[in-house]
Amino acid sequence: MPTDILMPALSPTMEEGTLAKWHVREGQSVQTGDVIAEIETDKATMEVEAIEDGVIQSILVPEGTEHVAVNQPIAVLLLEDDEAPAEGAPAVAPQPTVSEPAAAAPPQAPAAQAPSPGLGETEPEVETAPAGPQSRTVRAAPEPEVPAGTEMVDMTVREALRDAMAEEMRREAMSSWARRSPNTRAPTRSRKGCWRSSAAAAHRYADHGVWFAGIGVGAAFAGLRPVVEFMTWNFAMQAIDHIVNSAAKTLYMSGGQMHCPIVFRGPNGAAARVAAQHSQDFSSVYAQVPGLKVIAPYSAADAKGLLKAAIRENSPVVFLENEILYGQSFPVPKLDNFVLPIGKARIARAGKDVTLVSYSRGLAYAIDAAERLAAQGIDAEIIDLRTLRPLDMETVLTSVRKTNRIVTVEEGWPVCSVGTEICAQVTAQAFDYLDAPPLKITGADVPMPYAANLEKLALPSVELVVSAAKSVCYRENAA
Amino acid sequence: MDQKPSEPREMPAPPPEPTLNPDDYLAAYRNMLLIRRFEEKAGQLYGMGFIGGFCHLYIGQEAVVTGMMMAKREGDQVITSYRDHGHMLATGMDPKGVMAELTGRQSGYSKGKGGSMHMFSVEKGFYGGHGIVGTPAPLGSGIAFANKYRGNDNVCLTFFGEGAANQGQVYESFNMASLWKLPVLYIIENNHYAMGTAVERATAHAEELYHRGLAFGIPGRQVDGMDVAAVKAAGEEALAHVRSGEGPMILEVLTYRYRGHSMSDPAKYRTREEVQDMRQHHDPIELVHKRLSALGRDEEELKAVDKEIRAVVNEAAQFAQDEPEPEPGELWTDVVAAKD
């Protein structure tokens, strides 16, 4: 029975790839596990293995072919034991065979990889969750802190975070790593950080760049400035005691004697299809804790400028990144010393009719919603909080006093959320200015489901934001 | 100071040369093949976009759970972390229900809401399916506590990886389980790589993980996890020790995964030759195949087993593609428990 070998999806985001090389020829026998081809994606070159025994009957896509769509037949395999199905066996329609990415990829670098090592263009070395669109450059409003005429460079959030860490580590006076002995390990054996955002740092500073939470806090007590990277904030639940009890409270408990200058960073919030224990937003959990500073940037520029500020900060900082934003590009100012203020929101879009307040990936919904609202004659102002503790309520209140309407947008759960706090403060401090009750758009009040349709329903959407904005403007929502 | 830990009390005698009778070998062959073919199909469905998110395949490690399930008794419980499809199948969960959960469908074991990492079967005594490594150690100890509290003689088989074996909660569990002599068997599945980190790079004294319980008075043993007969023999011995009321035991099972940690793992932390060597010279299913042949089993009979298993797996895959997604209303169900 001949069966099609299909172009496999080698990552959750792959839609097409280049068939770089065939390792088999027509007529050749293959066994399960044999490498049959090499396929290049935008991220990496992966070997493809046969998953059934048989003979390659024909090759349908010659090597070197670009833009081969996922699930397109690339070869025909004649299965080894091609006999009629045994009697009584369940009748099952023959299924096309999708080949498997091989367990071990070739050592050569992908063709598309950027020249310097570990620049975040390849797949992370360890577990990677599906990410969103990778290439779209988002043109947000310029940073108020950037002087006019500054050259802007497009870079991904991942690259911005890596640059921020590398730059800060180079600042000799501030860096604990720089005073430590240099890396004596072979670079190929050094850990590159979970998401390659800390790749360069780990290359240069070996084991000193990545810490365990409690060990990091102790080192910070003793005057070092550790950066603790969590592969995701989901796993920080195992370390939250040290973030809350050991790091946040020590300055107070010691009567001001002992500082804890430490940064806890990593991706927070929902990725895609990774279910309840790997998809959750801890923003409001940490934003509640006195003694912490909590940062949740959206753009690459904010990620860079605020991570540099976090490393220089004398209080413990919880730095909440977002996995889906890692691959997204934004213009970043080319400045030698680009440090943004902690605790200052940014007007991402100026408008007069309604204030949309958000942070992190919530901005993506707000920005798209504002475009749709503009088409319907509603001019939305978008505030990117950037820092969740301390909250820049002054910027929010100034905007609400102008627009008289507010909708908050976040992916986290609704109860005691960041939006809840904003709405409460706006109600208390700008009640007379409000023309409509404040509204919150949040994730659903359930653990994140795995099923594709339910996951979509559990997250905010542009439609929901548009609908809420129209509602506070007393504009009719089409059914 | 003596650097070597002293031998623990009650260390059982080493097991005799492990072997199985022909029927057990055939049963092991069938069960391991089911896991292998199921996981291959899951990888295939992932490539076709039917499965999303994380998908951690068990290929290469089949002898571990298969041998342990042959050693356990009816009523014993099983808990593990997220490389869990093999454990589900080995406890007798329906391949159709497991595959339908992988595709996020209503007929899946968790109604499509759990996915690859989170499936459970109260009926089969399978307690999950946990996404955070290390958590099975205290959870399994708690299930064992309930066994002791109720006065039954069931044991909780608690699986975790060698990476998780460095977690604090594992040692807190060892302490209480030993103190209270809980009927829990800790099984460290040492596949040598914690995601992309080789065991010796992140683990102190990595060659003797089975000694990690010595300070708590918990005996341990290291087992060849590529040989299902060795796993079964060690499992039986360990379970007898635990069931006798002597307290917990640790089995360190040396195994190897052929595939990446999850689906999108370009595997730059090990060589292709290393993987090929394990496949060609240490494959757990091939070993059983050879022993069955040596015992005079007909090759045609073994081929028929493979064919039968493929049909079961194909049927599960078809089911998992045909079943509907959960109803939208399922988003809001099962959040809080109903009153009695």
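Only Lys, Arg, Asp and Glu count, each charged at its Cβ (+1, +1, -1, -1), so figure out the dipole size of segment A:341-479 about its Cα centre, rounded to 20 debye. Taking the Cα centre of segment A:341-479 as origin, the dipole is about 240 debye.
Across the residues of B:48-58, average count of Cβ atoms on other protein chains within 10 Å?
Across the residues of B:48-58, the mean count of other-chain Cβ atoms within 10 Å is 6.
In this simple spin-label model, placing a label point 7 Å from the Cα along the Cα-to-Cβ direction at both B:GLU207 and B:ALA294 gives a separation of 2.8 nm.
Computed from label points 7 Å out along Cα-Cβ, the spacing between A:TYR433 and A:TYR474 is 2.0 nm.
Taking 8 Å as the Cα distance limit and 6 or more residues as the minimum spacing, I'd like the relative contact order of segment B:214-340 as a percentage. Once normalised by length, the contact order is 21 percent.
The share of alpha-carbon pairs in segment A:332-407 lying farther apart than 22 Å comes to 26%. Take the residue pairs B:LYS111/B:LYS181; A:LYS402/A:LYS440; A:LYS21/B:LYS41; B:LYS113/B:LYS232 and return only those whose Cα atoms are more than 26 Å apart. Where the Cα-Cα span goes over 26 Å, the pairs concerned are B:LYS111/B:LYS181; B:LYS113/B:LYS232. Using R0 = 22 Å, the C-beta based FRET efficiency linking B:GLU200 and A:THR32 works out to 0.15. The mean count of C-beta atoms from other chains within 10 Å of the C-beta of residues in A:453-465, rounded to a whole number, is 3. Using the Cβ of B:ALA137 as centre and a radius below 12 Å, the other residues enclosed give a net charge of 0, where K and R count +1 and D and E count -1.
Report the FRET efficiency, 1/(1 + (r/R0)^6), for B:ARG272 and B:GLU123, where r is their Cβ-Cβ distance and R0 is 60 Å, rounded to 0.05.
The formula returns an efficiency of 0.90 here.
In chain B, Cα pairs under 8 Å separated by at least six residues give a relative contact order of 24 percent. Of the residues B:VAL98, B:VAL155, B:VAL305, the one that moves most in a GNM of chain B with alpha-carbon contacts below 10 Å is B:VAL305. Separation of segment A:346-364 and segment B:310-329, taken as the distance between their Cα centroids, equals 42 angstrom. Take the Cα coordinates of chain B, assign each an equal point scatterer, and use the Debye formula without solvent to give log10 I(q)/I(0) at q = 0.09 Å⁻¹. Debye output, listed in q order: -0.47. Mean residue ellipticity, 222 nm, helices only, chain B: the sum of -39500 (n - 2.57) across DSSP H runs of n ≥ 4, divided by residue count and rounded to 500, is -13000 deg cm²/dmol. Partner lysines whose Cα lies under 19 Å from the Cα of A:LYS249, excluding those fewer than 8 positions away in the same chain, are identified as A:LYS293. Work out how much length A:HIS259 to A:THR150 would gain on full extension: take 0.36 nm times their residue separation and subtract the Cα-Cα distance, in nm to one decimal. So the chain would gain 35.7 nm between A:HIS259 and A:THR150.
Other protein chain C-beta atoms within 10 Å of residue C-beta, averaged over B:111-119: 6. Share of pairwise Cα-Cα distances greater than 19 Å in segment A:346-472 is 43 percent (whole percent). Distant-in-sequence amide contacts of A:LEU6, defined by a placed amide H-H separation under 5 Å and a gap of 5 or more residues or a different chain, comprise A:ILE74, A:THR97, A:VAL98, A:SER99.
Take peptides B:330-337, A:362-369 and line them up by average Cβ neighbours within 10 Å, highest first, as a rough protection proxy.
Descending packing order for the listed peptides: A:362-369, B:330-337.
Shown here is the pair-distance distribution of segment A:402-479: with all Cα-Cα distances grouped in 5 Å bins from zero up to the longest one, the shares run 3, 16, 22, 21, 18, 11, 5, 2, 1 percent.
Karplus-based coupling profile of segment A:233-246, in residue order and whole Hz: 5, 4, 7, 6, 4, 6, 10, 5, 4, 6, 6, 7, 7, 8, with θ = phi - 60° in 6.51 cos²θ - 1.76 cosθ + 1.60 and x standing for Gly or Pro.
Projecting label points 7 angstrom from Cα along Cα→Cβ for B:ARG73 and A:LYS334 puts them 7.4 nm apart. For segment B:243-256, putting each phi into the Karplus relation 6.51 cos²θ - 1.76 cosθ + 1.60 with θ = phi - 60° gives couplings of 5, 6, x, 7, x, x, 9, 10, 10, 9, 9, 7, 9, 7 Hz, in residue order, rounded to whole numbers and with x for Gly and Pro. Over segment A:346-472, what is the mean sequence separation of C-alpha contacts under 8 Å (at least six apart), divided by residue count, expressed as relative contact order in percent? Dividing the mean separation by the residue count of segment A:346-472 yields 28 percent. Ranked by the mean number of other Cβ atoms within 10 Å of their residues, highest first, the peptides A:434-446, B:56-68 fall in the order B:56-68, A:434-446.
Bear in mind that the values in this text are calculations on the coordinates, not laboratory data. Small disclaimer: the values here were computed from a predicted structure and weren't measured. So basically every Cβ, Gly included, is an ideal-geometry build from the backbone, and we count neighbours across all protein chains shown.
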